[in-house]
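Working notes, structure below.
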Amino acid sequence: MNGSAATTSNATLEDQFEDLEIDYSDIEAKYAVDVHETLDDVIVIDGVPSVGKDREAKLLETVAKRFKQYAGLDVNIASMQLPYDDDGKSKGYMFIEMNSAQDATTAIKLMDQYPFDKKHRFFVNRFTDIEKLANLDETYSEPAIEAFKEKEHLRSWLADSRGRDQLVMCQNESVSVHWHQRTGSPQEIQKRERWTESYVSWSPLGTLLATFRIQGVTLWGGPAFSLYQRFAHPGVRLIDFSPNEKYIVTWSPQPIVVPENMPQGPQYFAPQDEGNRVAVWDVGTGHLLRTFPVSPDEGSNAGGSGAKGFTWPFLKWSGDDMYCARIVPGKKISVFQLPTMGLLEKKSIEIEGVVDFEWCPLGDKDKDAIEAYENAVKEAKEGKVAVKKPKDNMLVFWVPEVANQPARVSVMSIPTREILRTKNLFNVSDCKLHWHPQGDYLCVKVDRHTKTKKSMFCNLELFKMREKNLPVEVIELKDPVTAFAWEPQGSHFALISSNDPNLGAAAPGITIKTQINLYYYDTKKGDFRSLKVLDNKTSNTLYWSPKGRHLVVATMGSSQKFDLEWYDVDLGYEQRQGQPANDPAEEVKQIGAGEHYGITDLEWDPSGRYVITSASVWRHTMENGYAIWDWRGNELQKHVLERFKQILWRPRPRTLLSKEQQKAVRRNVREIGKQFEEEDAAEESNAALQHRELYQRKLDEWKAWRQANLAELNERRVDAGLEPVVTVHEQLQQQHVEESQEWIEEVLEETTEEVVE
């Protein structure tokens, strides 16, 4: 009975619970298990070497090691799978299950295109992306055609019919872009408030304008200066473009921090970038290529040599943008290939004691050779190219004296790493490396000391880079050299030396006596010779015209002197039609002089016709502003502006004219110039007419204002019982005063002349 009753009771309870219909949805949601496992953390690597089972472990171990070294990712060998063919060889691709989807994203960004060895390069994709392609619907559906939206031409300013150059100016909180005008103030074409939070910079070829925000760098281009690209690097302070504007390097004193909710993608920082301060970006795509660590002590001295060797630019670029390199002082030079930013041949160039290096720039001859070779390769059908392959990139480095080993300067070919030339040096205190802008010469300025180390002097080691075996010529100078500059288009160079006993010991802002030394290359004798020495100067900086021939020497950083001097080092060039002068020293003439109080900056325009000098509020607060001069040193205009910061000419790219077309322009320059002279005269006439019209309008407005106020004053005087005010002009009219002039003719002498036929 009891058992039967219990069974009946339990059945009744179950029926009651079923009738209650209890809701368990909250519990189910809390403890739900997702049975659909995501594969976003799985990547597929193509381009893996094909191996047998016996070499599988070694391959997987090597791949894991490369991921750790190059991308900073820990990969478990157990999570790597290598598919095999029926013949026992691997299929050339592999699967890796990363620790997270974010690690998979990082691997795709950093390891894609990675050169595993000479024959194999990785191609990395996410497994889910490949799965989508495998399941792609094969039914063709015609895509929707988007409306064509024409982009602004990034070099439209070069098409200006009057051939004018542009300027960018920072004043107070605004940034403005102007057309330069010879006869009047610059014509404003764009102005924006708070466009930048610090300064602005043009790209090397003038295509883009860079501005700074606390979030990063922004690039602008086109006629309306529309947004072109953004680089998110918080706190960025310094930037550096590659010579051909393909890449940009940014530096921030703040270490990179990657928050948990940071967006993922090739244009953003990844976890392995945390703590680094230098970033390399692709200008065209906006993608981040690589980051580098910099210690706080090094970063505090950006722009000059730091305590631990940090200098800006952090990376130095080859002239063709194919390589960039950085130095680890005293140890090595690391050369990176673009666009992967991988280490050249996977190892640095070990150079014990290395102090500094510089890339050889590409001159017009080199660029013409590269263009001719590339065009020949495109046109070649059977692989053989008739045009000679351009020379490799070169860099020069120097190593100081150690024990009994002399200091040395070496020229190295890249990528072969072959040493092309080495020169040993003795009693060396310091070296400065100066490449000719066309890559024709290299000057190593060697500061040397006597055996007692009580006095200093200087040697110039001049490498002739276009000649066989790179011969070196030595010029010895008795005094220390404080400045050196090559003529950009030519073979002259200038330097400033000083025997002033206060050199190096004078207080900041105090000027010292200097002398300017000019040198030229004697084509007949094949060596450099002194051209002229200009004594008793205070100049400390040299500025060659970008077209060569003209030189400005200036006194900067002084609180007493602000002198500017213009020199023509080849005065009779046109009369000689390019032939060398009989006495070159007679061709050096001072063609102008001036002064700009408080000068802080000087820059030639790209055409070599104008010079801008400026006094920035970043240096001092006295008479800030700028002045524009012509190439002869005549001041064309001067503007004193409150809170003036910066002014820069917009650079120009290399001319598209051939050598023959350039020669034709030079031959007909006088006739071509007449058109521009007529336009300048018409512009001056229009400007004068506008000034006259403005003056007359202002005068009429003033007269009307004066008459209205006089009428109001007289009304009040009449109301007050006083006589109205009578002007002098009205008094004269009331008195009918007339002015008369009397002409008196008087005969002083009479002469009679006889005409003989």
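Here, each number is a calculation from the coordinates, and none is a lab measurement. The structure presented is a predicted model; accordingly, all values stated were derived computationally and were not measured. Cβ coordinates were reconstructed from backbone atoms using ideal geometry, including for glycine residues, and neighbour counts include every protein chain displayed.
Considering only Gln171, Leu460, Leu542, the residue lying farthest towards the positive end of the dipole of the chain is Leu460, judged by Cα position with unit charges set on Cβ.
Other residues whose C-beta falls under 13 angstrom from the C-beta of Ala554 contribute a net charge of -3, scoring Lys and Arg +1 and Asp and Glu -1.
For the pair Glu679 and Ala593, label points projected 7 Å from Cα toward Cβ lie 3.6 nm apart.
Three principal axis extents describe the C-alpha atoms of the stretch 42-133; from largest down they are 35, 31, 26 Å. Projecting the Cα atoms of Gly633, Ile239, Phe314 onto the charge dipole of the chain (Cβ charges, centred on the Cα centre) puts Phe314 farthest toward the positive pole.
Run lengths n ≥ 4 of DSSP H only: what is the helix-derived mean residue ellipticity at 222 nm for the chain, with -39500 (n - 2.57) per run over all residues, to the nearest 500? Don't jump to the answer; show the numbers that get you there.
Values: 11 runs with 147 residues, N = 757.
My calculation for the chain gives -6000 deg cm²/dmol from helical runs alone.
Charge dipole (Cα centre; +1 on Lys/Arg Cβ, -1 on Asp/Glu Cβ; no other charges) of the chain amounts to roughly 4340 debye. Could you please report the charge total around Leu713, scoring K, R as +1 and D, E as -1 over all other residues with beta-carbon less than 13 angstrom from its beta-carbon? It works out to a net charge of -1. Across the cross-link table entries Lys537/Lys638; Lys332/Lys365; Lys118/Lys391; Lys367/Lys525, which are compared at the Cα atoms, the separations over 27 Å belong to Lys332/Lys365; Lys367/Lys525.
Between the stretch 43-102 and the stretch 233-299, how far is it from one alpha carbon centroid to the other, in angstrom? Going from one Cα centre to the other spans 29 Å. Packing around the peptides 561-568, 468-475, taken as the average count of other Cβ atoms within 10 Å per residue, puts them in this order, highest first: 561-568, 468-475.
Ranking request for peptides 434-440, 517-523, 82-88, 397-403: highest mean number of other beta-carbon atoms within 10 Å first, then the rest in descending order.
Numbers: 434-440: 20.3, 517-523: 18.1, 82-88: 10.6, 397-403: 16.4.
Most protected by this proxy first, the peptides run 434-440, 517-523, 397-403, 82-88.
With the convex hull constructed from alpha-carbon coordinates only, the chain shows a mean projected area of 78.5 nm² over all directions. With contacts taken as Cα pairs under 8 Å at a separation of at least 6 residues, the chain carries a relative contact order of 6 percent.
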